[in-house]
Amino acid sequence: MIPRPHRLSLRADVLRRGMRLLPLKRRISAKTSVATVRAQLKFIARFVPRPPRGTKIVMVDAGGVPAERVATPASRHDRHVLYLHGGAFATGFPALYRDMTWRIATLCHAQVTCVDYRLAPEHPFPAGLDDCVTAYRWLIASGADPARIAVMGDSAGGGLVFATLLRLRDEGVPLPAAAVAVSPWTDLALTGESLRLNADVDPLIPVEAAPRAIDLYLAGADPRNPYASPLYGDPTGLPPTLILVGGDDVLRDDSVRMAERMQAAGCDATVEVWPGMWHVWHMLARVLPEGRAAVVRIGAFVDERLA
C-alpha cells in the first residue's frame, strides 16, 4: 500500500466539509427506489460539462452491447480503454461520465469505450458482467491488440474490472496490458472494516443502502462468487494494475485487500490511498486539484504500459 503524503488543498477541504453538511447521503437510503436514483442521475447529467472542442463521441454497438466511444485529438486509433462506470450495479450510464472519459482519452492517448452494460434489478448478476466481457471480446474481434488495451472502472465498475479480467482469463481470452480501478467494490459480502470506520466521514456513500443494492444485483447468488466479489477469486496472471482509493472512502478496505491479494499471487499491483479523499473523488477533476492529480496519475500509468 502506497499512501499519498500531501497536504489537502483548500478547495478539497472546503468541498469535503460542505458535502458532509449537505444531505447528499440522506437522499439515498435503503428505502429509496432505483427509479428515483436513476431520475436524479438523469437530471444531474444535464449539467455535466461538454467535452472540449475536437472531442468525438460516437455510439457504438460493442457486439450487441451499447457503448459510447470517446476520442480527442490526442487519442491514438490503435489504443483503447474499456471504461466500466459505477452506480451500485443498478444505475449509471456513459453520458454521466463525459467530463471524465475525454480526460482519460487525452491522457492515455487512447480511444475510450464506455460500456452501457445492463443494470439490476431488471438484469441481475451476471448480466452486466456478461456485457463487459462481450465488449472486450468485441474490441479484440474489431482488430484491437490486447497489448494496447486497458480496462478501467470505478466503484461497482471497478469491481467489474476485476470480475471481467477473471472471466477473460478463465475463458482463455488474451488479457489487456493494464487495469485501473478507482474505489472498486470488490467484496459484496461487506466484510471490510472501512465500511464501519468511514461510514460517517465518507460524504458520498450511504453504507446502510449497500445490502439492498447487493440483493437487487445478486438476486440470490452467492456474494462470495469471485465473478461478483473478485476479492474471493484467484487473481493469478492478471495484468499490471493500479488501484486508487480515498482514505475516507467506505470501500478503502476493498481496494487495499484486493491489491494485497493480487500481490500475494505474484501480480504487479499498486494501491494508493489518498488521504482525505472520498469515494470516486476523481470524478470532480474539473474543480478539485486532487481529482485532476488522480486522473493524471491514471493517464501516466496507462500511457507507460500500452504499446
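The values are calculated or read from the model by the stated rules, or taken from the named source; none is laboratory data. The structure presented is a predicted model; accordingly, all values stated were derived computationally and were not measured. Glycine gets a Cβ as well: all are built from the backbone with ideal geometry, and neighbour counts include every protein chain shown. SASA here: full protein model, heavy atoms, side chains in, ligands and nucleic acids out. Shrake-Rupley method; radii C 1.70, N 1.55, O 1.52, S 1.80 Å.
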Which Cα, out of 214, 247, 279, lies furthest along the positive dipole direction of the range 205-307 (beta carbon charges, K/R +1, D/E -1)? 279
Taking Cα extents along the principal axes in Å straight from the coordinates, which label in (i) 63, 48, 40; (ii) 55, 44, 36; (iii) 49, 44, 38 is the correct one? (iii)
How big is the charge dipole of the range 75-230 about its Cα centre, in debye rounded to the nearest 20, if each Lys and Arg gets +1 on its Cβ and each Asp and Glu gets -1 on its Cβ? 480
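How much length would be gained if the chain were fully extended between residue 196 and residue 304, taking 0.36 nm per residue of separation minus their Cα-Cα distance, in nm to one decimal?
On the way: separation 108, 0.36 × 108 = 38.88 nm, distance 3.65 nm.
The span from residue 196 to residue 304 would gain 35.2 nm if fully extended.
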Could you give the longest part of the chain that holds none of the GluC sites (Glu not before Pro) found in DSSP loops with at most 15 neighbouring Cβ atoms within 10 Å? 1-121
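Roughly speaking, what % of Cα-Cα pairs in the range 222-289 are separated by over 18 Å, rounded to a whole number? Kindly include the intermediate steps, with their values, before the conclusion.
Details: 995 of 2278 pairs.
Roughly 44 percent, once rounded to a whole number.
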Write down Rg/Rh for the range 67-182, rounded to two decimals, with Rg from the C-alpha atoms and Rh from the Kirkwood relation over Cα pairs. 0.94
Run lengths n ≥ 4 of DSSP H only: what is the helix-derived mean residue ellipticity at 222 nm for the chain, with -39500 (n - 2.57) per run over all residues, to the nearest 500? -11000 deg cm²/dmol
How high is the FRET efficiency from residue 99 to residue 225, r the C-beta distance, R0 45 Å, rounded to 0.05? 0.85
As a percent rounded to 5, the proportion of antiparallel DSSP bridges among beta bridges in the chain is 25
Leaving out ligands and nucleic acids, note down the accessible area per residue over the range 53-146 with a 1.4 angstrom probe, in whole Å². 37
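Report, in debye and to the nearest 20, how large the dipole of the chain comes out about its Cα centre when Lys and Arg carry +1 and Asp and Glu carry -1 on their Cβ. Provide the component values of the computation, followed by the final result.
On the way: 36 positive and 31 negative charges, 263 e Å.
Charge dipole, the chain, about its Cα centre: 1260 debye, nearest 20.
Assuming 0.36 nm per residue, please report the length gained on full extension of the stretch residue 264 to residue 171 beyond their Cα-Cα distance. Let's see the in-between values first.
Details: separation 93, 0.36 × 93 = 33.48 nm, distance 2.27 nm.
Extra length available between residue 264 and residue 171 comes to 31.2 nm.
What ranking of 42, 31 comes out by heavy-atom accessible area, probe 1.4 Å, highest first?
Working: 42 145, 31 185 Å².
Most to least solvent-accessible, the answer reads 31, 42.
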